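**Q** Dropping a structure here in C-alpha cells format, bear with me for questions.
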Amino acid sequence: MLTMEEAQAAVMATVRALPAEPVPLLEALGCVLAEPVTAPIQLPPFDNSAMDGYAVVAEDTRGAAPASPSRLEVLEDVPAGTTPERQVRPGTATRIMTGAPIPAGADAVVIVEHTRPGTPGTVEIFVPASPGDNIRPAGEDIPAGEEALSPGQVLGPGELGLVSALGLTHVTAIRRPRVAIVTTGSELVEPGQALRPGAIYNSNRVAIATSVLRSGWEVAHCLHVADDESALEQALRECAEVDLLITTGGVSVGEYDFVKPVLDRIGDVKFWRVLMKPGKPVAFGTVFGRPLFGLPGNPVSALVTFEMLVAPALRKISGRRDCLPLAVQATLLSDVRHKPGRREYRQSVTRFSDGCLVVEPSRKRGSAMMTSTVGANSLLVIPEASTGLGAGERVTVILLGRGGDEL
Ligand code: AMP
Ligand code: MG
C-alpha cells in the first residue's frame, strides 16, 4: 500500500500536460498560457487625458489662484474617440474628456474641478498645473514589442483583459482537459426514478461531475454501468478519446469489483490502494494511453480521493505548475478522535476569525455520510499516528480546489 505522498508522486510522474492550441479569450479563463504574448501595439496607444478638464500649456497657469485665475481661450471640445484639430498655444486651452488624445502643444490637463467658465469662449483656471499632470503617456503601460505575458501564466480576468487591450482575440494556451466519468454499481438508480428495494440513488455522478466542473475542467461523458465486467470495458472504450477517465465503485476486492481486473486486462495498473481514510481502495493506472482513476464507491471517499489524487492530475494536464493540494495551518475549534493507522482527511469548514484561520471539523464522519460534506471547504488532516487532536491545537487543513485558485 502506498502513502499519499508516494501515490501523488506516481500520478505526477505519469500524467503530462496537453499540447497548446489557440484558445478564444472567453474560453481561456483559468487556462495556462503556453506561448508568450508580445504586445503588437503600445499601451496606451497615444498620450491621453486621465481626467475630464482642459488641456493647457502648464506655464500659462503659473501662480493661478481663485482671486487671480488664468484666463484662457477655449479652442475646441475633444470627447473620447475623437482627435483634436487645433494646436494649444500659450493663452489657449482645449476642453478634453477622459481617454481623449492630448492636443499638440498642451503639456498638462487641469481637472474640471479646478476651473470655472469665464466670459463666453474662455475658461478660468484657479489652480496651477505642472507639466505632465493628468496625462497618461503613450506606452507607459507597455511599449510595443515587449512581452506582456509569459508562458506558464494562469489567465484570469486581468490577464485576459490585457490581451484584449492589445487587440488580440486568442491566446496560445492549454485547453481544458476533458474528463469521462463512469459510475458502477448494480444497486444504483438515477435520481428522479423510482427506488426499488435494495437500491440507492447514484450520487457520485453529480458529485464527481461537479467536482470536475468547479475547477473549470470539462465533463465529456457521464455513463453508468451495472457490476458487469464487459459492460465496464465497453463503457471505457466509449470514452477512449478523453484526457482522463474516472470510475467510481467496484474497486475493492469484492466478488463484484471489476475495475481492477478490467484495468489489469486492457490497461496498466500503477497502484490500487493508498494509506488514507476515507478512500483506501483507489486505483490509478492507464488505459488507451490515458490516465484512469478508479475511485471508491462510498460518496465521501470518492470526493476525498478526487481532491487528493485526481485534481492534482488534472492540474498537471492543464499545464499548471502548482498541482498538489494547498495545505495551510489553522487552529482547531473542537476535539477530534482518531484511531492510529491511516492518515485521515476529515470534512471541515475553514474560515477566518479575528484575522486567523480556524477550522471546524464535521461532527459526522464515515465514508458514506453525505451530510458531512455540507458547507465543507477543506479537509482536516489527522496524522496517521494520532490518537486525536484537541481544540486549540494548530493543525493542517487542505483547502478544496486549492482554495478556489483554479479558475
Ligand atoms: P463499492 O466501492 O462499489 O464497493 O461501493 C461502496 C459503497 O458505496 C456501497 O455502499 C455502494 O452502494 C456505494 N456507492 C457506490 N457507488 C455509488 C454511487 N455512484 N452513488 C452512491 N453510492 C454509491
Ligand atoms: Mg459496487
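The values are calculated or read from the model by the stated rules, or taken from the named source; none is laboratory data. Please read all numbers here as calculations on a predicted model, not as lab measurements. So basically every Cβ, Gly included, is an ideal-geometry build from the backbone, and we count neighbours across all protein chains shown. Areas reflect the complete protein model, heavy atoms only, side chains present, ligands, DNA and RNA absent. Shrake-Rupley method; radii C 1.70, N 1.55, O 1.52, S 1.80 Å.
**Q** Of the candidates Thr350, Thr305, Thr119, which one comes out as most mobile in a Gaussian network treatment of the chain with C-alpha springs shorter than 10 Å?
**A** Thr119
**Q** Using a 1.4 Å probe and counting only protein heavy atoms, arrange Thr183, Thr331 so the residue with the most accessible area comes first. Let's see the in-between values first.
**A** Numbers: Thr183 0, Thr331 35 Å².
Output order, biggest surface exposure first: Thr331, Thr183.
**Q** If each Cα of the chain is one equal point scatterer, what is log10 of I(q)/I(0) from the Debye formula at q = 0.08 Å⁻¹?
**A** The Cα Debye sum returns log10 ratios of -0.61.
**Q** If you don't mind, another one. Per DSSP H run of n ≥ 4, the term is -39500 (n - 2.57); total these for the chain, divide by its residue number, and report the mean residue ellipticity at 222 nm rounded to 500 deg cm²/dmol.
**A** -4500 deg cm²/dmol
**Q** From the phi of every residue in the stretch 259-269, what ³J(HN,Hα) in whole Hz does the Karplus formula 6.51 cos²θ - 1.76 cosθ + 1.60 yield, where θ is phi - 60° and glycine or proline is x?
**A** 5, 5, x, 5, 5, 4, 7, 9, x, 9, 8
**Q** Could you calculate, for the stretch 258-396, the ratio of the Cα radius of gyration to the Kirkwood radius, expressed as Rg to Rh? Don't jump to the answer; show the numbers that get you there.
**A** Numbers: Rg = 16.5 Å, Rh = 16.2 Å.
Dividing the radius of gyration by the Kirkwood radius yields 1.02.
**Q** In nm, give the distance between the simple-model label positions of Gln87 and Glu73, each being 7 Å from the Cα along the Cα-to-Cβ direction.
**A** 1.5
**Q** How many nm is it between the label spots at Thr172 and Phe126, if each spot is 7 Å from the Cα in line with the beta carbon?
**A** 5.9
**Q** Across the stretch 126-132, in residue order, what do the Karplus-derived ³J(HN,Hα) couplings come to in whole Hz, using 6.51 cos²θ - 1.76 cosθ + 1.60 with θ = phi - 60° and x for Gly and Pro?
**A** For the stretch 126-132, the Karplus-derived couplings read 10, 9, x, 10, 10, x, x Hz, x marking Gly and Pro.
**Q** Where in the stretch 230-265 are there GluC sites (Glu not before Pro) that are in a DSSP coil and have at most 12 other Cβ atoms within 10 angstrom of their Cβ?
**A** The qualifying sites are Glu241, Glu255.
**Q** Give me the extension gain from Glu5 to Arg265: residue separation times 0.36 nm, minus the current Cα-Cα distance, reported in nm with one decimal.
**A** Full extension from Glu5 to Arg265 adds 90.9 nm.
**Q** Let me ask another. Enter the accessible area per residue of the stretch 298-360 (Å², integer; probe 1.4 Å; all protein chains in place). Present the calculation step by step, with values, prior to reporting the outcome.
**A** Numbers: 2620 Å² over 63 residues.
Averaged over the residues of the stretch 298-360, the accessible area is 42 Å².
**Q** Ratio to report: Rg/Rh of the stretch 177-330, with Cα atoms as the point set and Rh obtained by the Kirkwood method; give two decimals.
**A** Values: Rg = 14.8 Å, Rh = 15.6 Å.
Across the stretch 177-330, the Cα-based Rg/Rh ratio is 0.95.
**Q** Also, I was wondering about something else. Set Lys and Arg Cβ to +1 and Asp and Glu Cβ to -1, take the dipole of the stretch 168-246 about its Cα centre, and tell me which of His224, Leu213, Pro191 lies farthest positive.
**A** Sorting the options by dipole projection puts first Leu213.
**Q** Keeping all protein chains in place, calculate the accessible area per residue for the stretch 183-249 (probe 1.4 angstrom), answer in Å². Write out the running numbers ahead of the final one.
**A** Working: 3050 Å² over 67 residues.
Accessible area per residue: 45 Å².
**Q** With N set to the residue count of the stretch 13-127, report its C-alpha Rg divided by 2.2 N^0.38 Å to two decimal places. Please list the in-between numbers first.
**A** On the way: Rg = 22.4 Å, N = 115, 2.2 N^0.38 = 13.4 Å.
Rounded to two decimals, the normalised Rg is 1.68.
**Q** Would you look at the GNM of the chain, springs on alpha carbons closer than 10 Å, and say which of Pro261, Pro296, Pro361 moves the most?
**A** The residue that fluctuates most here is Pro261.
**Q** With N set to the number of residues, divide the alpha-carbon radius of gyration of the stretch 221-269 by 2.2 N^0.38 Å and report two decimals. Could you put the intermediate results ahead of the total?
**A** Details: Rg = 10.3 Å, N = 49, 2.2 N^0.38 = 9.7 Å.
Scaled against compact globular proteins, the figure is 1.06.
**Q** By how many nm would the segment from Thr387 to Ala65 lengthen if fully extended, with 0.36 nm per residue of separation less the alpha-carbon distance?
**A** Details: separation 322, 0.36 × 322 = 115.92 nm, distance 7.66 nm.
Full extension from Thr387 to Ala65 adds 108.3 nm.
**Q** Keeping every protein chain in place, order Glu85, Glu393, Glu190 by accessible area at 1.4 Å, biggest value first, i.e. largest first. Walk me through the numbers before you get to the answer.
**A** Details: Glu85 160, Glu393 75, Glu190 50 Å².
Of Glu85, Glu393, Glu190, the descending order of accessible area is Glu85, Glu393, Glu190.
**Q** Further question on the same structure: Arrange the residues Tyr256, Tyr345, Tyr201 by how much accessible surface each exposes, largest first, with a 1.4 angstrom probe. Walk me through the numbers on the way to the answer.
**A** Details: Tyr256 140, Tyr345 10, Tyr201 95 Å².
Sorted descending by solvent-accessible area, the residues read Tyr256, Tyr201, Tyr345.
**Q** Hey, what do the phi angles of the stretch 177-191 turn into as Karplus ³J(HN,Hα) couplings, whole Hz, using 6.51/-1.76/1.60 and θ = phi - 60°, x for Gly and Pro?
**A** Per-residue couplings from phi come out as x, 9, 10, 10, 10, 10, 8, 10, x, 6, 7, 9, 10, 6, x Hz.
**Q** Another question about this same structure. Using 0.36 nm per residue, how much length does the chain from Glu190 to Leu213 gain when fully extended, once their Cα-Cα distance is taken away? Intermediate values should be presented prior to the final figure.
**A** Working: separation 23, 0.36 × 23 = 8.28 nm, distance 1.97 nm.
This chain segment gains 6.3 nm when fully extended.
**Q** For the stretch 99-156, state the average projected area of the convex hull of the C-alpha atoms over all orientations, rounded to one decimal in nm². Spell out each step's value before the answer.
**A** Numbers: hull surface 27.6 nm².
Its average projected convex-hull area is 6.9 nm².
**Q** For the stretch 166-278, which whole-number percentage of the solvent-accessible area (1.4 Å probe, protein heavy atoms only) is attributable to carbon and sulfur atoms?
**A** Details: 2670 of 5150 Å².
Accessible surface attributable to carbon and sulfur in the stretch 166-278 totals 52 percent.
**Q** Can you tell me which of Gly63, Gly161, Gly375 moves the most in a GNM of the chain? Springs connect C-alpha atoms under 10 Å apart.
**A** Between Gly63, Gly161, Gly375, it is Gly63 that shows the largest mean-square fluctuation.
**Q** Right, here's the next one. Using bins 5 angstrom wide from zero, how does P(r) for the stretch 70-182 break down, in % of all Cα pairs?
**A** That works out to 2, 9, 15, 17, 12, 8, 8, 8, 7, 5, 3, 2, 2, 1, 1, 0, in percent per bin.
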